[in-house]
There are 2 protein chains.
Amino acid sequence: MKGYDSSQFEKLSVAVDLLTFTVEDNRLKVLMIKRDETPFAGKIALPGVFVGVNETLDAAAVRGIKEETGLKNIYYEQLYTFGDVKRDPRMRIISVAYMALVPVGQLDYVAGERTSDAMLVDVEDLLASRRSVAFDHKKIIEYGRQRLANKVEYTDIAFHLVGEEFTLPELQKVYEILLGRELYKANFRKKVADMIEETDYVTTGQAHRPSRLYRRK
Amino acid sequence: MKGYDSSQFEKLSVAVDLLTFTVEDNRLKVLMIKRDETPFAGKIALPGVFVGVNETLDAAAVRGIKEETGLKNIYYEQLYTFGDVKRDPRMRIISVAYMALVPVGQLDYVAGERTSDAMLVDVEDLLASRRSVAFDHKKIIEYGRQRLANKVEYTDIAFHLVGEEFTLPELQKVYEILLGRELYKANFRKKVADMIEETDYVTTGQAHRPSRLYRRK
């Protein structure tokens, strides 16, 4: 760089670690894998990929999401870059964490070719527990959980966790899960009114009366 | 990692680039250096450092801030990690951008030992101009500018741009500069009332009547 002999500074391994969040059974969940190998063999971990020298960070995130879920065109954003020196005991790895949001209906529990187990883990239960997780991934999940709570009120991220068509109770439930509190139905509907529009359809096949389906405007 | 032969993936250079923002003469400014060497010789650039293999990202940011300003204990936060492949034409460099906020009274225009020029550049003028800047640093500055505007209403970041003691007009001016709009004095004072407290002092030596000095509560 500016006068530094850049050879003084060793190059580092850079990975993209993925938090793929979804809402299932009215719970916020994150996709994780169980590690086969040391370190942390048998522990759950976030999926991740190393960044190629000719690959952008976003491209690595998209590649990682595709490998773990088989999906493309999922909403994602960069979350934070974690750089503690010993976060991986084997070597120095900088982790650029990305967050992806998927409606559960799109998720297929694909076991990536690299691991034997991929699973949806309940986020609140995990963060409240003493269960140990590989690397600093528990911290990364906590960070992502907080970012979701911060963003839900002033962005439209909640819409990425419902399908293209949804009922108002479904959408409200997602908001409540992300915010961690209940909302008054009337206030909620007023709040989202500008963001949604009715479709011509209603839900069917349920014990209660049909519910109008909406979509993002 | 999980079954990947990590040697497939080359290690990458990782830098921390620094946006040191301040408010001077009622304008938002950012500390930049003029490059002596290619590439982009003669262009202005953000100061930066490579991250050492045994150094955390935060430690690299603190080191970089100290090198450019001589200052320690400045408020800083990680902004975003930029990973376009060709952002630096010489080699692949991932840039973890950090933002620091300093009251102008603390800044000494220290020319770092690595460069001949360090200067405060007017942010709005730069972003509105066609002036070319080294690497992707104009994009990084734009991103930082936007983060400031987003955060000023729901955090206390504005306080990092005034001294320990400040007048209400000073503080209001900083809010207005970050938000990009004027505020009603009465509304503003109500908004910040919980965050500040009076000191026993007033400003002196000015043509108008003395102004009460406040501090962060």
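Scanning the stretch B:36-58 for residues that are facing chain A (nearest Cβ under 9 Å) and either under 29 Å from A:TYR80 (Cα atoms) or in contact with an Asp or Glu (Cβ under 7 Å, 6 or more places away or on another chain) (or both) yields a total of 13.
Considering the conditions (1) charged (D, E, K, R); (2) farther than 20 Å from B:ASP25 by Cβ; (3) in contact with a Gly (Cβ under 9 Å, 6 or more places away or on another chain), B:GLU170 is excluded by exactly one of them, (2).
Residue count for the stretch A:79-107 satisfying the condition of being assigned to a strand (DSSP E or B), more than 17 Å from A:LYS138 (Cβ to Cβ) and open to solvent by 10 Å² or more (accessible area, probe 1.4 Å): 0. Filtering the stretch A:157-171 to residues that are part of a helix (DSSP H, G or I), in contact (Cβ under 8 Å) with a residue 40 or more places away in the chain and among the aliphatic types (A, V, I, L, M) leaves A:ILE157, A:LEU161, A:LEU168, A:LEU171.
Scanning the stretch A:172-186 for residues that are open to solvent by less than 90 Å² (accessible area, probe 1.4 Å) and either touching a strand residue (DSSP E or B) at 6+ places or on another chain (Cβ under 6 Å) or without any contact (Cβ under 8 Å) to a residue 12 or more places away in the chain (or both) yields A:VAL174, A:GLU176, A:ILE177, A:LEU183, A:ALA186. Taking the criterion of being among the aliphatic types (A, V, I, L, M) and open to solvent by less than 50 Å² (accessible area, probe 1.4 Å), the residues of the stretch B:54-78 that qualify are B:LEU57, B:ALA59, B:ALA60, B:ALA61, B:ILE65, B:LEU71, B:ILE74.
What number of residues in the stretch B:80-94 are touching a residue at least 40 places away in the same chain (Cβ under 8 Å) and at the interface with chain A (Cβ under 10 Å from one of its Cβ atoms)? Count: 10.
The values are calculated or read from the model by the stated rules, or taken from the named source; none is laboratory data. Fair warning: this is a prediction, and the values are worked out from it, not measured in the lab. We place every Cβ from the backbone using ideal geometry, glycine too, and count neighbours over all the protein chains shown. We work out accessible area using only protein heavy atoms, side chains counted, and drop any ligands, DNA or RNA first. Shrake-Rupley method; radii C 1.70, N 1.55, O 1.52, S 1.80 Å.
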